[in-house]
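Colleague: One structure, as structure tokens, below. Some questions next.
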Amino acid sequence: MTDEFAPGLLGRRCWLELATGERITLPIERWRSEPSPGDELLLRHCTGPTLDIGCGPGRLTAALLARGVPALGTDVSPVAVRLARAAGAVAVRRDVFERQPGEGRWRHALLADGNIGIGGDPVRLLTRVRELLCAGGSALVEVDPPGTGLRRGRARLSTNDTDDTRWFDWAWLGADAVPETAEVAGLSVGWLREAGGRWFTKLART
């Protein structure tokens, strides 16, 4: 397991550098802040046991637990898991494609903060998430705005003083590409909406 996002998790300004030369600044302030209006949309739709995939510093996991909702954060980053636990979250270090605690019994799974990009293939990731959910369960996913489609590529994390980090596969899923992507993964679109300048979708296990 690697820890590409550790600088951002620790509060350093950083961005994703794409193979095309494009740079995407990461919202590191949001990762460690109180839940935002967009976060609230996700949180209020978590009505039962929730797996927060790529939990980062654990703001969503901790917020759910504070509301009495059973929740577990999972992340490949040891830094993320340490920060999440310090924030009051329950978190484990685990790759989403490995065996998960409570597999097949989660009511909800969260993919916030661009985590739909994990592994570089949203169909594969959502198919895996479907396996983690119970019958009638749902994935609550943050996506890009309409008109951006589905993009796959190579990226690496860069800071002002590092540019030699490892390249990895990543993806971006726009709201306009959600229905087709969800259908291939065996999920159905419950809703698709904007909140706080961000876009989200609820995908139900079919």
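The values are calculated or read from the model by the stated rules, or taken from the named source; none is laboratory data. Just so it is clear, the model here is predicted, and its values are computed rather than measured. As a convention, Cβ positions derive from the backbone with ideal geometry for all residues, glycine included, and neighbour counts pool all protein chains shown. When the accessible area is computed, the model is the full protein with side chains, heavy atoms only, and any ligands, DNA or RNA have been set aside. Shrake-Rupley method; radii C 1.70, N 1.55, O 1.52, S 1.80 Å.
Colleague: Within the set of pairs 6+ apart or on separate chains, which have a first residue in the range 44-55 that is on the phi > 0 side of the Ramachandran plot, a second that is open to solvent by 10 Å² or more (accessible area, probe 1.4 Å) and among the charged types (D, E, K, R), and C-beta atoms under 9 Å apart?
Modeller: Listed pairs, sorted by first residue: Gly54/Asp75; Gly54/Asp113.
Colleague: Across the range 60-73, what is the total count of residues that are of a type in the set (A, V, I, L, M) and open to solvent by 30 Å² or more (accessible area, probe 1.4 Å)?
Modeller: Count: 2.
Colleague: Right, something else. Given the criterion β-branched (Val, Ile, Thr) and outside any loop (DSSP other than H, G, I, E, B), identify the matching residue among Val96, Val69, Val79.
Modeller: Val79
Colleague: Consider Ala135 against the criteria (1) among the aliphatic types (A, V, I, L, M); (2) closer than 16 Å to Val123 by Cβ; (3) surrounded by fewer than 16 Cβ atoms within 10 Å (Cβ to Cβ): it satisfies all of them except one. Which criterion is unmet?
Modeller: (2)
Yes or no, residue by residue, for (1) acidic (Asp, Glu); (2) open to solvent by 30 Å² or more (accessible area, probe 1.4 Å); (3) free of Cβ contacts under 8 Å to residues at least 12 places away in the same chain; (4) over 26 Å from Gly196 (Cβ atoms):
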{"residue": "Gly58", "(1), (2), (3), (4)": "no, no, no, no"}
{"residue": "Asp75", "(1), (2), (3), (4)": "yes, no, no, no"}
{"residue": "Ala84", "(1), (2), (3), (4)": "no, no, no, no"}
{"residue": "Asp95", "(1), (2), (3), (4)": "yes, yes, no, yes"}
{"residue": "His108", "(1), (2), (3), (4)": "no, no, no, no"}
{"residue": "Gly120", "(1), (2), (3), (4)": "no, no, no, yes"}
{"residue": "Val123", "(1), (2), (3), (4)": "no, yes, no, yes"}
{"residue": "Arg130", "(1), (2), (3), (4)": "no, yes, no, yes"}
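Colleague: Of all residues in the range 117-172, which are closer than 18 Å to Thr20 by Cβ, part of a strand (DSSP E or B) and not basic (Lys, Arg)?
Modeller: Hits for the range 117-172 are Asp144, Leu150, Gly153, Ala155, Leu157, Ser158, Phe168, Asp169, Trp170, Ala171, Trp172.
Colleague: Can you pull out every residue in the range 16-49 that is at pLDDT 90 or above and farther than 26 Å from Ala6 by Cβ?
Modeller: Glu40, Leu41, Arg44, His45, Cys46, Thr47, Gly48, Pro49
Colleague: Still on this model: If I ask for residues that are among the small types (Gly, Ala, Ser), crowded, with 19+ Cβ neighbours inside 10 Å and touching a residue at least 60 places away in the same chain (Cβ under 8 Å), which ones from the range 159-206 would you list?
Modeller: The one that is among the small types (Gly, Ala, Ser), crowded, with 19+ Cβ neighbours inside 10 Å and touching a residue at least 60 places away in the same chain (Cβ under 8 Å): Ala185.
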